[in-house]
Amino acid sequence: MAKSSNDFFIDFEKLSRNRTILLVGRNWAFIFLTFMLILFSFLGKNFFSLKNFNNIILGVSSLLLLASGETFVIISGGIDLSIGFVMGFVCISSSIIMRDLNAAGYSPIISMMTGSLIGLLLGLIPGFINGFFVAKLRVPPFIATLGMWGIANGLAWRLCEGFPVGFLPLQVRDIGNAYLAYFSPKKGFSFLIKPELTEREDILNLVKVIPIPILLITFILIIFAFILSRTRFGQHTYAIGGKVDAAIRAGINVPLHLIKIYIISSFFAAAAGVLLVFKLNMGVHTQYTSSYELFAIAAVVIGGASLTGGKGTIWGTLIGVLLIGTLNNGLMMMGLPIFYRYIATGCILIIAILIDQFFPELVHRE
Amino acid sequence: MKKFIITLLLICLVLSFVSTICAAQLRFAFMPGIADPFYFTMEKGAKAKAEELGVELLIGEYPKAWGPEYQVPILKALVARGDIDLLFTAPTSTEALIPVLKEIHDSGIPVITVDTYLGDGDYSKPSNYNFPLSYIGTDNFLGGQVVAGQLALLLGGKGKVFLENTNPDTSSVMNRELGFRAGIEIFPDMELVGVEYCLDSQETAVAQVSAALLKNPDLGGVFGVNVFSAQGAYQAVVSAGLEGAVKIATWDATETLIEALKRGEVDLILAQMPAEMGALCVEWGVKYLNEGAELPKKVIPGFFIFTQENVNDPEAQKYIYK
């Protein structure tokens, strides 16, 4: 019997001894991303351009933040479904504060700072509640965060009554759409300040390097990637996701650690919400149909994390997010209707889960 | 104990009679389609008219998402109280709401559909959905054509345009798209270079219009079919630095869009008349119930076009959704 099953299935032991296959298996998402970049550069008009890469990365910037927070939760063996709506809630709250302070005559700087700070602080509360329920009351993460999913959404709706929040200080838009450096053939280099151009030709030829929001996100990601990979806090996160019992025996304060992890996840969602205010120049609640939390989870899984916990990295998640973003953008630039894009994203996700399920020795070999 | 229960029941019975007699005024119910500025404005228009005519107006809870699965349970709870004289509602499905509203109609509550309709919206011919008293709403196809014409006017009758839509499964926005396509076809020098669906997410709309701008560097105009797609579209144009060069036409005069028009970020807004639709429902409902008046089967209150020129006119202000 044993022999026949061996004949039927692929011999993973043997496969995983092959270095090339091991390398491909571990980095399939990255290889796929590179392959897509090459493919779309041939197929899509204007795909391979700095402007389009800016579009891709800006398009997935909120997803990138959400997925990074989700990475911590998934590594610890949990799941956080509330992030999409926490983002919407923070987006609405901080934009309302900015709008009202601005209307009350405070300077734009003070309005924006207060709005952003209070937004970020508000975002910690859902995380604490999630963590408390999961860690102390032993509510399954799926249920606890689903509850917060509804609460955050309801609060956001209540606050904005369905209207987008506008009338923000004009500087919000200028900051959210600023780049680190500009180069115009006519006016030369300039840093942070966009050159005044009137001719359409000149506007189209303006080269913009590194969007400011992306610079900030990179900064946050480096800090948290360091925390995850180089600190005791990170090691404990992996330990809890790997084997809770072992973690407890090793003397880790598991409940406290879990609360911290859900707060981190919620903080990332809050940061995404504040970022959204600056990006869109207004406060918007998250639409039901957006499914941010699902795409964030998908990106984490594509990036090599396991839904059963104990595995995953921030950089893997970054690749996952870029893969989803590039796939969407590339198919869009090719002019493919939206329906096919959903199918394509679904297929990629299935591939990721299949690889995680059936080739664990290949992908996660220590 | 038995006596106590019987007495209690009797008291309840008497009280319910009293309340029916006291409530000689008419009681209308309004069931909106989704929580958004459009229906909020409709409610305000209906409320003002109801106060004026002495009608009590019950408002159904606003569904958080579009679709019968969200609307029907709330609608059923709303009419379950059984003392409603007339219902006006925006059915969220042309088919799925037919049996539900038919049942309400058969229980003796006359129904008016507002903004959206049952079947094909023509209640004057024999069908299984011709029971509502009237359809009061917008002709989305016509509106799409009007926007196409106005955008062509802005662009001098030539150039490339792009359409940012929301949900490919909703009749109202799809009719706007069809109308817009038909309207653009009238102009031989105009070309519709693409259509995208953002599913009501502003962030997605930004990404989609950004890609369209990159694909078509000479794009002349964008039509965003609702609040979310239009605001996403103008954000994409702004971040490309092309405000003014790319004309943006949009639908629904929310305060944020009006502000954008004043800042010069949006060039054209087609306003529906939700407040008027709501007021008409109440007014005609009263006429029907008190005077037995015959209602027209279809009423289109018309549009108002906001541009840079008229946005500050005093008489235009009433068309802004508030």
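Counting every other Cβ atom within 10 Å of each residue's Cβ, B:304, A:85 order from fewest to most as B:304, A:85.
Couplings 3J(HN,Hα) of the range A:169-179, computed from phi: x, 4, 5, 4, 5, 5, 6, x, 10, 7, 10 Hz, in residue order, whole Hz [Karplus 6.51 cos²θ - 1.76 cosθ + 1.60, θ = phi - 60°; x for Gly and Pro]. Of all beta bridges that DSSP places with both ends in the protein assembly as shown, some 25 percent have antiparallel geometry. What the phi angles of the range B:41-57 give under the Karplus curve with 6.51, -1.76 and 1.60, with θ = phi - 60°, is a coupling list of 5, 4, 4, 4, x, 5, 5, 4, 5, 5, 4, 4, 9, x, 9, 7, 10 Hz, glycine and proline written as x.
Here the simple spin-label model places points 7 Å from the Cα toward Cβ, and for residue A:159 and residue A:46 these points are separated by 3.6 nm. The stretch between residue A:114 and residue A:294, if pulled fully straight at 0.36 nm per residue, gains 61.7 nm over its current Cα-Cα span. Before rounding to the nearest 500, sum -39500 (n - 2.57) across all DSSP H runs of length at least 4 in chain B and divide by the residue total; then give [θ] at 222 nm in deg cm²/dmol. Taken over chain B, the calculation gives -14500 deg cm²/dmol.
Between helix B:2-22 and chain B there is an angle of about 60 degrees, using the helix long axis and the longest principal axis of the Cα atoms.
Taking a straight line from the alpha carbon of residue B:47, these aspartates and glutamates sit under 13 Å away, with near neighbours fewer than eight places off in the same chain left out: B:56, B:276, B:283. For chain B, the normalised intensity computed at q = 0.14 Å⁻¹ comes to -1.05 (log10 of I(q)/I(0), Debye sum over alpha carbons, equal scatterers, no solvent).
By the count of other C-beta atoms within 10 Å, a proxy for reagent exposure, A:340, B:117, B:62 are ordered fewest to most as A:340, B:62, B:117. With a Förster radius of 51 Å applied to the beta-carbon distance between residue A:246 and residue A:19, the computed FRET efficiency rounds to 0.95. Of the complete DSSP H runs in chain A, those spanning 20 angstrom or more by Cα along the long axis with a mean Kyte-Doolittle score not below -1.0 are A:28-43, A:61-75, A:83-103, A:108-131, A:141-160, A:212-230, A:254-280, A:314-333, A:338-358. Taking the average, over residues, of other Cβ atoms within 10 Å as the packing measure, peptides B:132-142, B:199-209 rank B:199-209, B:132-142 from highest down.
Take the alpha carbon atoms of the range A:220-293, find their center, do the same for the range A:82-153, and report the distance between the two centers in whole angstrom. Their Cα centres are 14 Å away from one another.
The mean number of Cβ atoms from other chains found within 10 Å of a Cβ in peptide A:47-53 is 2, as a whole number. Label separation (residue B:77 vs residue A:186): 5.9 nm, computed from points 7 Å beyond Cα along the C-beta direction. Computed from Cα atoms, the angle from the helix B:68-79 axis to the main principal axis of chain B rounds to 30 degrees.
If only the Cβ of Lys and Arg carry +1 and only the Cβ of Asp and Glu carry -1, the dipole of the range B:140-271 around its Cα centre is close to 280 debye. Using Cβ point charges alone (K and R +1, D and E -1), the dipole size of chain B about the Cα centre works out to roughly 800 debye.
Our estimate of slack between residue B:313 and residue B:130, defined as 0.36 nm per intervening residue step minus the Cα-Cα distance, is 61.8 nm. In this rough spin-label picture, where each label sits 7 Å from Cα along the Cβ direction, the residue B:12-residue A:209 distance is 7.8 nm. Taking every residue in A:280-286 and counting other chain Cβ atoms within 10 Å of its Cβ, the average works out to 5.
Each residue of the range B:269-283 is assigned a 3J(HN,Hα), and the resulting list reads 10, 8, 9, 7, 10, x, 5, 5, 4, x, 5, 4, 4, 5, 4 Hz, derived from the Karplus form 6.51 cos²θ - 1.76 cosθ + 1.60 (θ = phi - 60°), x at Gly and Pro. In this structure the amide hydrogen of residue B:273, modeled in the peptide plane, comes within under 5 Å of no amide hydrogen from residues 5 or more places off or on another chain.
Annotation note: GluC sites (Glu not before Pro) in the range B:80-173 located in DSSP loop regions with a Cβ neighbour count of at most 13 within 10 Å are B:95.
Which whole number of Å³ per residue matches the convex hull of the alpha-carbon atoms in the range B:140-271?
Given the Cα convex hull of the range B:140-271, per-residue volume reads 85 Å³.
For the cross-link pairs A:194/B:247; B:44/B:76; B:102/B:298; A:194/B:318; B:158/B:297, which exceed 27 Å when the distance is taken from alpha carbon to alpha carbon?
The answer is A:194/B:318; B:158/B:297.
Taking the number of Cβ atoms within 10 Å of each Cβ as an exposure proxy, the fewest-first ranking of A:244, A:86 is A:244, A:86.
Where both partners of a DSSP beta bridge lie in chain B, what percent of those bridges are antiparallel, to the nearest 5?
10 percent
The trypsin sites (Lys or Arg not before Pro) of the range A:287-366 meeting both criteria, a DSSP state outside H, G, I, E and B (loop) and at most 13 other C-beta atoms within 10 angstrom of the site's C-beta, are A:365.
Every number in this text was worked out from the coordinates using simple rules, so none of it is lab data. None of these values were measured; they are calculated from a predicted model. Cβ atoms come from the backbone with ideal geometry, glycine included; neighbour counts cover every protein chain shown.
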